[in-house]
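Working notes, beginning with the structure itself.
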């Protein structure tokens, strides 16, 4: 058990981030949106995860969710990344193996409500921060913004949308086809429509918010902060004389797996908190959690099955 054990607590809020090593493999074209949204809906059919918010940024994803089953969460993460990889290979007509993603997904537990609100604001401000569009309302890529903005401000709000699903083995390479012709070709291959359910306020229960009046206040606060953030980013763009990428360019890019590389790599954290004391307490708890896993694994290697393995950790392979 060389790696640090993953800590997944049912009913808590997590953010998952994964990024392509290179290129823009999932641009905001209509045909790629069709494939990506259908893949996400199909992957979530297994259940075990409540989806709260997500944005696909062309070369990386941010997903906020509440897990209810560790094994189904692991399947969800692995299946989503592997299916997207195979789709990119199909679209580009690649025969060789493709290592699309930069390492393992980063899955971070959000420990307090202030950090949760900050992450949601960050997630929906990302297209403006990347100088793609002025506002998330104008972003042509795959995201949960439509669901978030039209959800009723209640704890149990559910927004269900139907997305066409194309089985990956039927996908042919785009070749020299135009984006419109390729989209029409894919729509002719649609097998069925799959419902994708977004529950944008379900995460609040993890922080003790169950009253719908309080839910509505948090919802409005997040909307106001997103708007203020986008306005501030617009001011900074003017000061630095930067321009936005045109919508035409955004929606006509071809997927690529080479060329552009991320300028910086973020530290791979496993929890997020706005409170120093809470961070220190969680670190102490997590160190004890890791120590327990190591001791039980050591005993397993010696022949004693770990009956008391922590429920928040995945059971490793037999030593």
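Step by step: first the residues of the stretch 42-87, then only those that are in a helix (DSSP H, G or I) and surrounded by 21 or more Cβ atoms within 10 Å (Cβ to Cβ), then the one that is farthest from the chain's Cα centre (by Cα). Which residue is that?
Kept after step one, since they are in a helix (DSSP H, G or I), are these residues of the stretch 42-87: 42-44, 70-87.
Filter once more, keeping what is surrounded by 21 or more Cβ atoms within 10 Å (Cβ to Cβ): 42-44, 73, 76, 80, 84, 87.
Values: 42: 15, 43: 13, 44: 12, 73: 12, 76: 11, 80: 10, 84: 13, 87: 17 Å.
Among those residues, the one meeting the criterion is 87.
Does residue 3 meet the test of being without any contact (Cβ under 8 Å) to a residue 12 or more places away in the chain and not in a strand (DSSP E or B)? Even if it seems obvious, please write down each step before you answer.
Working: without any contact (Cβ under 8 Å) to a residue 12 or more places away in the chain: yes; not in a strand (DSSP E or B): yes.
Answer is yes for this residue.
Going through 100, 123 one at a time, which residue ends up being at pLDDT below 95, in contact with a strand residue (DSSP E or B) (Cβ under 7 Å, 6 or more places away or on another chain) and within 22 Å of residue 60 (Cα to Cα)? Steps first, answer last, please.
Numbers: 123 fails: at pLDDT below 95.
Only one candidate passes the filter, namely 100.
Within the set of pairs 6+ apart or on separate chains, which have a first residue in the stretch 131-143 that is under 16 Å from residue 228 (Cα atoms), a second that is at pLDDT below 95 and surrounded by 20 or more Cβ atoms within 10 Å (Cβ to Cβ), and C-beta atoms under 8 Å apart?
What qualifies is 133/250.
Could you check how many residues of the stretch 126-146 are assigned to a loop (DSSP other than H, G, I, E, B) and out of contact with any strand residue (DSSP E or B) (no Cβ under 9 Å at 6 or more places or on another chain)? Can you show your working first?
Filtering the stretch 126-146 down to residues assigned to a loop (DSSP other than H, G, I, E, B) leaves 130-135, 139-142, 144.
This time we only want the ones that are out of contact with any strand residue (DSSP E or B) (no Cβ under 9 Å at 6 or more places or on another chain), so: 130-135, 140.
Number of matching residues: 7.
Tell me the residue from 279, 284 that is more than 27 Å from the chain's Cα centre (by Cα) and over 24 Å from residue 142 (Cβ atoms), please. Talk me through it step by step, then tell me what you get.
On the way: 279 fails: more than 27 Å from the chain's Cα centre (by Cα).
Answer to the selection: 284.
Return yes or no: is residue 55 modelled with pLDDT of 95 or more and either closer than 24 Å to residue 22 by Cα or out of contact with any strand residue (DSSP E or B) (no Cβ under 7 Å at 6 or more places or on another chain) (or both)?
Numbers: modelled with pLDDT of 95 or more: yes; either closer than 24 Å to residue 22 by Cα or out of contact with any strand residue (DSSP E or B) (no Cβ under 7 Å at 6 or more places or on another chain) (or both): yes.
In short, yes.
Say whether the condition of being over 26 Å from residue 127 (Cβ atoms), assigned to a loop (DSSP other than H, G, I, E, B) and either at pLDDT 95 or above or not assigned by TED's automatic domain parsing to the domain that holds residue 85 (or both) is met by at least one residue in the stretch 213-229.
First pass over the stretch 213-229, keeping only residues over 26 Å from residue 127 (Cβ atoms): 213-214.
Pick out the ones that are also assigned to a loop (DSSP other than H, G, I, E, B) and you get none.
No, the stretch 213-229 contains no residue that is over 26 Å from residue 127 (Cβ atoms), assigned to a loop (DSSP other than H, G, I, E, B) and either at pLDDT 95 or above or not assigned by TED's automatic domain parsing to the domain that holds residue 85 (or both).
Among the residues that make up the stretch 107-128, is at least one of them over 27 Å from residue 83 (Cβ atoms) and either surrounded by fewer than 16 Cβ atoms within 10 Å (Cβ to Cβ) or free of Cβ contacts under 8 Å to residues at least 12 places away in the same chain (or both)? Write out each step before concluding.
As a first pass, look at the stretch 107-128 and keep what is over 27 Å from residue 83 (Cβ atoms): 111-118, 121, 125, 128.
Now restrict to residues that are either surrounded by fewer than 16 Cβ atoms within 10 Å (Cβ to Cβ) or free of Cβ contacts under 8 Å to residues at least 12 places away in the same chain (or both): 114.
Yes, the conditions are met somewhere in the stretch 107-128.
Can you tell me which condition residue 258 does not meet? The list is (1) more than 21 Å from residue 149 (Cα to Cα); (2) touching a residue at least 40 places away in the same chain (Cβ under 8 Å); (3) in a helix (DSSP H, G or I), and all the others hold.
Condition not satisfied by residue 258: (3).
The values are calculated or read from the model by the stated rules, or taken from the named source; none is laboratory data. Please read these numbers as outputs of a predicted model, since none were measured by experiment. When we count neighbours, we look across all protein chains shown, and the Cβ atoms used for this are built from the backbone with ideal geometry, even at glycine.
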